[in-house]
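K.L.:
Once you've had a glance at the structure underneath, I'll fire off some questions.
Bear in mind these aren't lab numbers, they're just calculated from the coordinates by the rules spelled out. As the structure is a prediction and not an experimental result, all values here were calculated from the model. Please note: Cβ atoms are built from the backbone with ideal geometry, for glycine as well, and neighbour counts cover all protein chains shown.
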Amino acid sequence: MAQKEMVIFTRTFDFLSWLLPRTNDFPRAHRNTFTRRLLDAAFDLRERLEEAALRKGAARKGRLAMADEALAKVRMYLRLAAKWDWLSPGQYHHVSEMVSEIGRLLGGWMKA
């Protein structure tokens, strides 16, 4: 890890970089509720991954489990945003692929 950043960190950075500008287009009435919860879950995901990288053993597994929980929340919020047409079908397809890849990478790390 010290020599080269793990792919999951690059993918979550790309995901956050894509997500933040999109949420600016969500309805203003929901920015302090829905949008905040989505962004909190996305940042929690990244933070738990960072914390897991700094730990070993059971502490790492615990942080990875917390990251998995945050990812599940992100998925739910993104589905709602797509249902309410706050994300276009193309945007939802794109972000779904990003989240699926992060999930596969996280699952692989959890098994390792």
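K.L.:
Answer with yes or no whether residue 105 is assigned to a helix (DSSP H, G or I), touching a residue at least 40 places away in the same chain (Cβ under 8 Å), in contact with a helix residue (DSSP H, G or I) (Cβ under 9 Å, 6 or more places away or on another chain) and surrounded by 13 or more Cβ atoms within 10 Å (Cβ to Cβ).
P.N.:
In short, yes.
K.L.:
Please pick out the residue among 37, 46, 75 that is surrounded by 14 or more Cβ atoms within 10 Å (Cβ to Cβ), out of contact with any Lys or Arg (no Cβ under 7 Å at 6 or more places or on another chain), more than 17 Å from residue 101 (Cβ to Cβ) and basic (Lys, Arg).
P.N.:
Matching residue, one of 37, 46, 75: 37.
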